[in-house]
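See below for the structure under consideration.
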Amino acid sequence: MSENVTLDRKGAVATVTLSRPERRNSLSDAMLTDLSRAFTELRDDDTTRVVIVTGAPPVFSAGADAPHARAKTDEERRRLFTEKKSQFRRLFERAQTALENLEQATICMVNGHAVGGGWGLTLACDFRFAAAEAQFWIPEVDLGVPLGIASTTRFIRFVGPARAKEIIMGCHRYSAAEAQALGLVTRVVPGAELASAVHDYTAHLLKKPFRPLAEVKARINAISANGIPVINAMTEGFLDRG
């Protein structure tokens, strides 16, 4: 699709790959724009029923590729972050929301470290399969900047305010097993078995009728986000994918 993101389709399965291995798949403005474009393209694709999101080896994503991350002092980080945050946050939240709102079931194949916004991006998927060797952490506070509101909101939604504070404020590195224990990873397998495990679960999902699967996903997302069951209006007009 681009030098930043690849979109491969095989039958009813589409794989979106973060493809900047030389930059550890860090999330540049261009990559975020390409991710949004890929998810928008898939939104109205009536042949795709499962979407897999992964990163070009050896990591999933090192997070934001922003100048503040490479600044040498807290003052310089804050200045650069202030200059950059509006555009980056807008692009990141657009990509994250577009992924979360896909009708198709989505699986994040975390083949390596997921850092900062990279970890936040995984939370927009329905299922997260991680290599046992993968690690997860939010380094923003140590870098002298706050985590964006979109990822912060999703951490609170997943684990509650107390745990979210521990993860975001503590900047602790979590193993895949620890992330799974927190409910932030669906399944952990050895790295050599990750692709096979994702393939098997994809095949399991493809056996389900698409419309009820999509409706249940929409209901769960709405209840999780709003705390109330908004059922009827939001489940109209789902594409018939067989």
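The values are calculated or read from the model by the stated rules, or taken from the named source; none is laboratory data. If you're wondering where the values come from, they're calculated on a predicted model, not measured in any experiment. Cβ placement follows ideal geometry from the backbone for every residue including glycine, while neighbour counts extend to all protein chains displayed.
Mind counting the residues in the stretch 136-152 that are out of contact with any Phe, Trp or Tyr (no Cβ under 6 Å at 6 or more places or on another chain) and closer than 23 Å to Val51 by Cα?
Matching residues across the stretch 136-152 total 2.
Would you be able to tell me the number of residues in the stretch 217-233 that are surrounded by 13 or more Cβ atoms within 10 Å (Cβ to Cβ) and either modelled with pLDDT of 90 or more or in a helix (DSSP H, G or I) (or both)?
Step one: of the stretch 217-233, the residues surrounded by 13 or more Cβ atoms within 10 Å (Cβ to Cβ) are 217-219, 221-223, 225, 230.
Next, from what is left, pick out any that are either modelled with pLDDT of 90 or more or in a helix (DSSP H, G or I) (or both): 217-219, 221-223, 225.
The total comes to 7.
Of everything in the stretch 95-136, what is out of contact with any strand residue (DSSP E or B) (no Cβ under 8 Å at 6 or more places or on another chain) and either outside any helix (DSSP H, G or I) or of a type in the set (Ser, Thr, Tyr) (or both)? Give them in sequence order.
Residues satisfying the conditions are Thr97, Asn101, Glu103, Leu123, Glu133.
Any residue at all in the stretch 190-209 that's in contact with a helix residue (DSSP H, G or I) (Cβ under 8 Å, 6 or more places away or on another chain), of a type outside the set (Ser, Thr, Tyr) and crowded, with 22+ Cβ neighbours inside 10 Å?
So far as the stretch 190-209 goes, no, none of its residues is in contact with a helix residue (DSSP H, G or I) (Cβ under 8 Å, 6 or more places away or on another chain), of a type outside the set (Ser, Thr, Tyr) and crowded, with 22+ Cβ neighbours inside 10 Å.
Report yes if Gln87 is at pLDDT 95 or above and either assigned to a strand (DSSP E or B) or within 18 Å of Ser28 (Cβ to Cβ) (or both), otherwise no. If you could, list the steps in order and put the result at the bottom.
Numbers: at pLDDT 95 or above: no; either assigned to a strand (DSSP E or B) or within 18 Å of Ser28 (Cβ to Cβ) (or both): yes.
No; evaluated as a whole, the condition is false for this residue.
Are any residues in the stretch 1-27 of a type in the set (A, V, I, L, M) and either in a strand (DSSP E or B) or under 19 Å from Asp126 (Cβ atoms) (or both), and if so, which ones? Lay out the reasoning, then the answer.
Here is the first cut: in the stretch 1-27, the ones of a type in the set (A, V, I, L, M) are 1, 5, 7, 12-14, 16, 18, 27.
Val5, Leu7, Ala12, Val13, Ala14, Val16, Leu18, Leu27 - these are the residues of the stretch 1-27 that are of a type in the set (A, V, I, L, M) and either in a strand (DSSP E or B) or under 19 Å from Asp126 (Cβ atoms) (or both).
Restrict the check to the stretch 156-167 and report whether at least one residue is touching a residue at least 12 places away in the same chain (Cβ under 8 Å) and assigned to a strand (DSSP E or B).
no
State all residues of the stretch 140-188 that are more than 15 Å from Gly63 (Cβ to Cβ), buried (at least 21 other Cβ atoms within 10 Å of the Cβ) and under 14 Å from the mean Cα position of the chain (by Cα); if no residue qualifies, say none.
Correct list: Leu184, Val185.
May I ask you to say which residue of Ala30, Ala38 is within 17 Å of the chain's Cα centre (by Cα), within 15 Å of Cys125 (Cβ to Cβ) and either without any contact (Cβ under 8 Å) to a residue 40 or more places away in the chain or not in a strand (DSSP E or B) (or both)?
Working: Ala30 fails: within 15 Å of Cys125 (Cβ to Cβ).
Residue meeting the stated conditions: Ala38.
So is Ile167 out of contact with any Asp or Glu (no Cβ under 8 Å at 6 or more places or on another chain) and assigned by TED's automatic domain parsing to the domain that holds Ala56 or not?
The answer is yes for Ile167.
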